[in-house]
Amino acid sequence: MEGWHQLYPGHIPTSPLQKALLAAGSAVMALYDPYRHDMVAVLGETTGCLALPNLRDKMKNHPEGHRILQERPRIHLSTLDMARLQGLPEGSLGREYVRFLEDNKVSPDTRMPPKFVDDEELAYVIQRYREVHDLMHTLLGMPTNMLGEVVVKWFEAVQTGLPMCVLGAAFGPVRLSTRKLQVLATELVPWAIRSGLNASCVLNVYYEQRWEQPVESLREELGIFPPPAVRV
Amino acid sequence: AAPGSVPGRSNRSAVPGPSPVGGTGARLAAGPEMHFGFQTVTEEERREKIYQVFENVAKKYDVMNDSMTLGIHRVWKDILVHKMNPCPGTLLLDVAGGTGDIAFRFINYVRSVRQRQLQRKLKHHQNLSWQEIFESYQKDEFNSLGDSQVVVCDINREMLKVGKQKAEHLGYSEGLSWVLGNAEELPFDDDKFDVYTIAFGIRNVTRIDLALQEAYRVLKPGGRFLCLEFSHVSNPLLSRLYDLYSFQVIPVLGEVIAGDWRSYQYLVESIRQFPPQEELKVMIEDAGFFKVDYENLNFGIVAIHSGFKL
């Protein structure tokens, strides 16, 4: 029986046993029913106890990351000026991000708030990681189909070390056709891994202050290699 | 597993203020304090919160029941109906009957009793003339339920919806009605039903004393009150294992299967808050019932209380 020590709105305190059961249960359920995005989120939260502090420290030790931790920016439809972003020049981060949202019919507001992270700052870190995910798609040039998501997961796995990303990267391809698997294995995954290793920490970028920056320039600055010329 | 000094625990006798009729009436904004699981809330808040819990869980209610109890809840419900031992012609009111588990079992039971009745009649007929047999067919019309009826009453629209869909899916239609209603204020006349059941529902009622009074009111003289509910385990070792399972595993199951931790946290807390067997027995007697007794199932994890209106 836990006392009600809520560290942030939506926080559910859990015992180690509960976390272990949640991790196992959510992993099974996420595999069984891929539409249960909430289970992927829960898996991330319950297994991130090593990776999250690591990420937070990387952010703390970087000037831009440190500012993000202080200011706690959020990416929501209510905080984004969509009209302004759409008016930005072609190839700029803002313009391409909005294009990505429209093409794939997704919204930044569908990200689950954290529940099972027992540290308020780490809860923000995982929230930031989730909200920045669509920007990863934009930077990597990957759509939100199964193949694109797997590629982004490989990149994120290398970048963050989150077990949930590693599991997603490893098990995601299970449902792909052989042709896609081939493209994945020969071109996309090697590129994603190389870029992930080479790039500086993607959470240390204050994206909201770089909408005008061209995507290519941001890629270079971060150390992400240009995407391979294959259709995803 | 009795909780320590938890506020608002014995809400039955100590509740002052006006009776909770339909949410209106001269009630203070603060209202009397009650428990919602381990939280302390006002009466009105408690009703709303409980309504929301069941609204959220309705679609996954049956799946969750099977997962949490490993299917044993089916046995408990079977035992309840066997204890009731209805015969054709019984009129049952199943309160908080939501998804219809008791109602369907009642119909099945009565149908099989009816079948045996008819079979015995047919055997008897072998000595009769063709004319006499024909006449008796006309009379009986092979009424498969023998005029038995069950009314399922629930306060929650979502639960009733799920129940109706299940009935359609499983092919139950005859002798079955669905009514939206509050156990504390039933929309039925006095002295109407032969049996009143409430299975895993009375724990969620805010004023248990009123529900019991209503049960007494709508039962015919000679009618039976039956309550199936989670109760208290007195065996200390079992109690600790039960607590461990309840608090560590059940909310996790709620999150993984139904995406809803909080409702199932409420569930296990509300079980701890509910009066134990003897206390509930006294409450039932207070409502006017006689020959009140209870039967523990699975060491008191669940108990069936029974009483008669004489």
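Counting neighbouring beta carbons within 10 Å and listing from fewest to most, the residues B:Tyr294, B:Tyr51 come out as B:Tyr51, B:Tyr294.
According to the Cα-based calculation, Rg over Rh for chain B is 1.01, with Rh computed by the Kirkwood formula.
With the cut-off at 20 Å, tell me which of the pairs B:Lys166/B:Lys220; B:Lys83/B:Lys309; B:Lys281/B:Lys309 have Cα atoms farther apart than that. Going by Cα-Cα distance, B:Lys166/B:Lys220 fall outside the 20 Å limit. For a straight C-alpha distance cut-off of 28 angstrom, the lysines reachable from A:Lys19 (same-chain residues fewer than eight places away being disregarded) are A:Lys58, A:Lys60, A:Lys115, A:Lys153, B:Lys49, B:Lys59, B:Lys60. Applying 0.36 nm per residue to the separation of B:Glu168 and B:Glu278 and subtracting their alpha-carbon distance, the gain on full extension is 35.7 nm.
Mean projection of the alpha-carbon convex hull of chain A over all orientations, in nm²?
12.7
Here's the picture: a label point sits 7 Å out from the Cα of B:Leu310 along the beta-carbon direction, and within the range B:187-229 the residues with their amide nitrogen under 13 Å of it are B:222-223.
Relative contact order of chain A: 24 percent, from C-alpha pairs under 8 Å at least 6 residues apart in sequence.
Computed from the C-beta positions of B:Ser177 and A:Asp109, the FRET efficiency with R₀ = 60 Å rounds to 0.90. Take each peptide in B:183-194, A:34-45, count the other Cβ atoms within 10 Å of every residue, and average; sorted highest first, the result is A:34-45, B:183-194. The alpha carbon radius of gyration of the protein assembly as shown, expressed as a multiple of 2.2 N^0.38 Å, is 1.26. Fewest-first ordering of A:Val205, B:Val63 by other beta carbons within 10 Å of each residue's beta carbon gives B:Val63, A:Val205.
What is the fewest-to-most order of B:Trp261, A:Trp211 by other Cβ atoms lying within 10 Å of their Cβ?
A:Trp211, B:Trp261
Quick note: the coordinates plus some simple rules give every number you see, no bench work behind them. Computed from a prediction, not measured in an experiment: that's the story for all the values here. Reconstructed Cβ throughout: ideal geometry from the backbone, glycine too, with neighbour counts over all protein chains shown.
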